[in-house]
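Here's the structure we're looking at; comments come further down.
The values are calculated or read from the model by the stated rules, or taken from the named source; none is laboratory data. Worth saying up front: this structure is predicted, and the values here are computed from it rather than measured. Don't worry about glycine lacking a Cβ; one is built from the backbone with ideal geometry, like all the others, and counts go over all protein chains shown. Remember, those area values only see protein heavy atoms, side chains included, never the ligands or the DNA or RNA. Shrake-Rupley method; radii C 1.70, N 1.55, O 1.52, S 1.80 Å.
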Amino acid sequence: MVAFASAVAVGTVLLTLPVASESGEPTDLVTALFTATSAVCVTGLIVVDTPGHWSTFGELVILGLIQVGGLGIMTLASLLGLLITRRLGLRMRLTAQTETKALGLGDVRRVVVGVALVSFAFETVIAAVLVARFLTGYDYELGTALYHGVFHAVSAFNNAGFALYPDNLMSFVTDAWVCVPIAVAVIAGGLGFPVWIEVWRHARGSLRRWSLHVRLTVLTTAVLLVVGAVAITAAEWNNPDTLGRFGVGGRILAGLFHAVMPRTAGFNSLDLAEFEAGTLLVNDILMFIGGGSAGTAGGIKVTTFALLAFVIVAEVRAQPTVHLMGRKVPSTVQRQALAVVLLSVGTVVTATLTLLALTPFTLDEVLFESVSAFATVGLSTGITTELPPAGELVLTVLMFAGRIGPITFASALALRERTRRYELPEERPIIG
């Protein structure tokens, strides 16, 4: 947490410098703080137009903060996951040596190097595709194509959502050579480092060799992508301000693109302010769920959502334990998932009520903004730039809490697990 706060502080200072703005004037502190937090937390919400307000130096600062934030999140979450798995695994095996529960330098080195290699590999491939498209399809000069390709590849893989165009990616809404690579990068970054490293290790083996985490992450992600694509495309199919103005191919492409973005990237190829109320609600749900653990996506994570769904199924079936893909899920993990979800809901509700009191906007607009900030998505109906300074600070805190909170809280719950040495008399309250 201190490291991320330090990165935000350094980014804020750099963005307040006159050289960071296009006009050559210093940027006010609140705007610089908001932008730095959005970049480090790989959110993508903006209060000023990125290409219009920031100079090339300012854009490079934002790009650096995005890369630092993405690598930091994946590294931190992967190391915490490894630490938790090792500690709980040893505890189940009744191993008494406390020293062996700590991570060794070799583990840390492998995780850091692995995260960096995975990140740079995906970013390089996506950047190459985008550069080629910008050169051949839009007649960009080589330097401009390289700059735009690398910037958007890094922003996409890290699920940041920052773009170098005033309308984000709306001018590329029907261009599959731009939208598809960016969507692929978003999904890849959102799955998480543990997924990719395990897929690589068992590339030629059976899917049954994948761990429960990997199978659950991949399956839930695929289901949510399909459900989201169908729901968004169907809801907006005849909306003349969104999908209705394109042909069948353009509608499908835009619908698929916008089903990926709430996972949590923040790019948009359509004007979200023109979405139907039902579509905004679907986006709220997808954003709140987010992507995979130990990845660049935010939200409560797909594994948390899927686990609670299976908990409900087990309860409906009157089953005393929860079984998932051939494995029994410990009750402690179920309680941790429930705690993360309830605290996340409370945080979003509190921020939404605060913004309603500070702004004249409607509930659906404010709720969308709050969920987007907390889940580090970056999508907006357009009200971010119209928020008062107090509202910007609320979203700033929300972005930081949403980026760091679920990871540290879930890890703390797991690492603090203790066995109760006594039990009180049992009594059942009335439920429902």
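Structure notes:
- The stretch 186-268, relative contact order [Cα under 8 Å, separation at least 6], %: 33
- Trypsin sites (Lys or Arg not before Pro) restricted to the stretch 303-412 and DSSP loop, no more than 11 other C-beta within 10 Å: Arg317
- Ratio Rg/Rh, restricted to the stretch 228-357 and using Cα atoms, in which Rh is the Kirkwood radius: 1.06
- A DSSP coil position with no more than 15 other Cβ atoms inside 10 Å describes the following trypsin sites (Lys or Arg not before Pro) in the stretch 203-252: Arg204.
- The chain, relative contact order in percent, only Cα pairs under 8 angstrom and at least six apart counted: 18
- For Leu324, the residues whose amide H sits under 5 Å from its own are Val329, ignoring neighbours fewer than 5 places away on the same chain, with H placed 1.01 Å from N.
- Rounded accessible area per residue of the chain, 1.4 Å, Å²: 47
- Put simply, the C-alpha atoms of the stretch 156-285 give a gyration tensor, and the ellipsoid matching it has half-axes of 29, 16, 13 Å, longest first.
- Hydrodynamic radius of the chain by the Kirkwood approach over all distinct alpha-carbon pairs: 22.4 Å.
- Taking all Cα pairs closer than 8 Å and separated by 6 or more residues, the relative contact order of the stretch 242-296 comes to 35 percent.
- Label-reachable residues, the stretch 245-283, where backbone N falls under 20 Å from a point 7 Å from Thr174's Cα toward its Cβ: 245-259, 268-272, 274-275
- Close amide-amide hydrogen proximity is noted between Trp54 and Glu22, each under 5 Å apart and 5 or more residues distant or on a separate chain (H modeled in the peptide plane; Pro and chain starts excluded).
- Range in the chain, longest, excluding exposed GluC sites (Glu not before Pro) [loop by DSSP; at most 12 other beta-carbon atoms within 10 Å]: 142-422
- Here Val19 and Leu212 are evaluated by their C-beta separation; at R0 = 60 Å the FRET efficiency comes out at 0.75.
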